[in-house]
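Working notes for the structure below.
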Amino acid sequence: MKIAILTSGGDSAGMNAAVRAIVKCGILKGCEMWIVREGYEGLVRGNDDGGEKAGQKVNDEAEKLVEAELREKRNEITQEPDKNLLHNLRFGDGELLRDGTSEYVGGRTLKGRYIVRVGWDDVRGWFSEGGTLIGTARCAAFRTREGRAAAALNLIKEGIDALVVCGGDGSLTGADLFRSEWPSLIQDLHSQKLITSAQLEAHAHLKLVGLVGSIDNDMSMTDMTIGAPTALQRICEAIDNINSTAYSHSRAFVLEVMGRDCGWLALMAGIAGGADFTFIPEKPPTTMPWEDAMCAEIHRHRAVGKRKTIVIVAEGARDRELNPIRAEYIKDILTDRLGLDTRVTTLGHTQRGGRPCALDRILPTLQGVEAVDALLSATPETPTYMIGVQENKITRVPLMDAVKATRAVGQAMNDKEFEKALDLRGPEFME
Ligand code: ATP
């Protein structure tokens with residue numbers, strides 16, 4: 001099987017660990033592994049050489065070159081295992097092959113090539129790298145049938161028959177559409193004589209799985225998304241930093257954190273960072289006017305001797321009337337009513353960046369292994385799976401069930417049906 005991996009939508013820590021795990025697990029299971037740079041944009045653009053594998057020639061020659069040397073080394077290995085040498089070898093097709101056969105090295109690729117074969121060494125050490133080294137993008141063309149037809153053609157030209165998409169609900173919706181449209185897309189390509197009958201037959205179905213990469217932890221049917229634990233860690237570090245200066249000057253700080261319509265980051269940061277008050281979209285303040293409730297609570301904390309005040313506000317926070325609650329407004333309330341020297345800190349993209357925490361290495365690694373297994377056992381009848389985690393177990397759930405449940409939460413919240421939304425989101429948001 002030839003498997004390609006792409007990352008799409010907003011970047012999140014742990015995406016590299018997922019790519020690494022999928023590449024390594026795929027190689028161990030005898031698959032040929034490819035990456036697609038720049039998300040769906042790379043899939044639509046494909047390779048400048050029109051699908052002729054320019055890099056393959058390089059690969060083949062490199063393999064031939066090392067073959068003789070390798071035979072020698074194998075003898076050495078049987079006599080006296082050389083740890084350094086083993087470190088530089090990868091297992092493929094039941095054979096020990098020397099790595100360095102791909103043209104993708106250290107995050108750089110040949111210009112004009114978006115779909116690139118990779119080997120074991122190409123992803124070495126990626127578990128500790130932030131962001132996504134293979135690039136991500138938002139791609140308008142993939143939203144059109146023409147764009148998806150171009151993407152299908154580019155995959156077929158490289159002989160790729162399976163795809164792993166790591167991204168948010170938009171990316172996964174696009175992935176599901178791509179897979180369900182696949183038979184008619186390739187029929188069209190055949191009618192236009194862009195692929196041969198043999199290619200039509202060989203690529204009758206696309207195998208596809210999704211992994212959820214999102215710092216917001218905003219996908220239903222999985223307890224944790226790739227990147228959310230690291231973003232939470234970044235926020236906690238920021239709160240720790242702010243705490244010391246807030247304490248010194250006896251100040252109040254209002255921290256705005258990411259999460260879009262999901263309050264998970266804000267809520268967990270509030271617990272982990274000892275916030276005095278936290279605003280999240282899912283549970284607007286019950287006491288109205290909420291300004292009174294907040295001031296009373298903070299006044300109570302100050303009255304027992306607390307020298308610092310931390311208020312966390314999720315970017316999607318709103319009141320019961322669905323009016324946004326803004327950090328600057330909270331600052332004005334604390335300044336005017338309580339006389340606190342108050343500052344606003346918007347953490348912004350620092351929440352996205354940096355090295356993944358341990359969980360954002362472990363989770364994508366386990367999920368990457370599951371993704372390869374899901375592809376290897378996929379049939380035309382199996383649904384497109386999303387790999388998730390529930391109650392500490394790696395799970396496969398039908399991708400569109402999860403996307404639909406996620407959208408239902410957003411819809412319910414906009415309809416002010418908060419209780420229903422809470423039920424769908426999971427136990428951590430229950431009273
Ligand atoms: P994030 O949560 O970080 O925003 P996301 O995956 O939800 O991630 P989107 O911008 O919604 O981000 O989607 C990323 C890309 O996925 C889009 O630019 C587009 O190429 C593709 N995509 C999204 N929705 C669809 C769709 N309905 N049909 C086809 N492609 C889609």
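Throughout, read-outs are computed from the coordinates displayed, never taken from laboratory work. The model shown is predicted, which means the values in this text are computed figures rather than measured ones. Using ideal geometry, Cβ is built from the backbone for each residue, glycine included, and neighbour counts are taken over all protein chains shown.
Summary table below
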quantity: Taking Lys283, Lys306, Lys24 and counting other C-beta atoms within 10 Å, the order from fewest to most; calculated: Lys306, Lys283, Lys24
quantity: Pairwise centroid distance, computed over Cα atoms, of region 331-346 with region 141-156, Å; calculated: 51
quantity: 19 Å reach of a label modelled at Glu201, 7 Å along Cα-to-Cβ, counting backbone N of region 161-194; calculated: 161, 183-184, 186-194
quantity: Using distinct alpha-carbon pairs, which all enter the 1/r mean, Kirkwood radius of region 174-279 in Å; calculated: 17.6
quantity: Relative contact order [Cα under 8 Å, 6+ residues apart], region 188-285, whole percent; calculated: 20
quantity: Cut-off 15 Å between beta-carbons: net charge of the residues surrounding Lys306, Lys and Arg +1, Asp and Glu -1; calculated: +2
quantity: Violating pairs (Cα-Cα greater than 21 angstrom) within the set Lys2/Lys193; Lys2/Lys24; Lys157/Lys193; Lys24/Lys207; Lys157/Lys207; calculated: Lys2/Lys193
quantity: Positive minus negative residues near His190 (Lys, Arg vs Asp, Glu; Cβ under 14 Å); calculated: 0
quantity: For region 241-296 and region 352-396, distance of Cα centres in Å; calculated: 32
quantity: Gln390/Asp48 FRET efficiency (R0 45 Å; Cβ-Cβ; nearest 0.05); calculated: 0.55
